[in-house]
Amino acid sequence: MYSAITDYIFAEFDFIFAEFDFIFAEFDFIFSELEIIIAQLDFTFSGHEFIFTVIAPLFGVGVY
């Protein structure tokens, strides 16, 4: 009786940990996609050009 209950509990924990593994894999995928985008932007713009043309206008900072 107790063996079946403990087996069920451990199976539930295994399922929960598998869900966490899936979630972390999704985060890894998202971050790898962001790294690709950042690398493409870094290739397209040099550092200062990227800051002045993309980042600064987002915060309302203009280059005069």
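The values are calculated or read from the model by the stated rules, or taken from the named source; none is laboratory data. Quick caveat: nothing in here was measured; it's all calculated off a predicted structure. Quick reminder, even Gly has a Cβ in these numbers, built from the backbone with ideal geometry, and neighbours come from all protein chains shown.
Is it the case, given these coordinates, that L41 is assigned to a helix (DSSP H, G or I), at pLDDT 80 or above and out of contact with any Pro (no Cβ under 9 Å at 6 or more places or on another chain)?
Taking the combined requirement at face value, the residue does not satisfy it.
Out of curiosity, is V63 out of contact with any strand residue (DSSP E or B) (no Cβ under 9 Å at 6 or more places or on another chain), at pLDDT below 85 and not in a helix (DSSP H, G or I)?
yes
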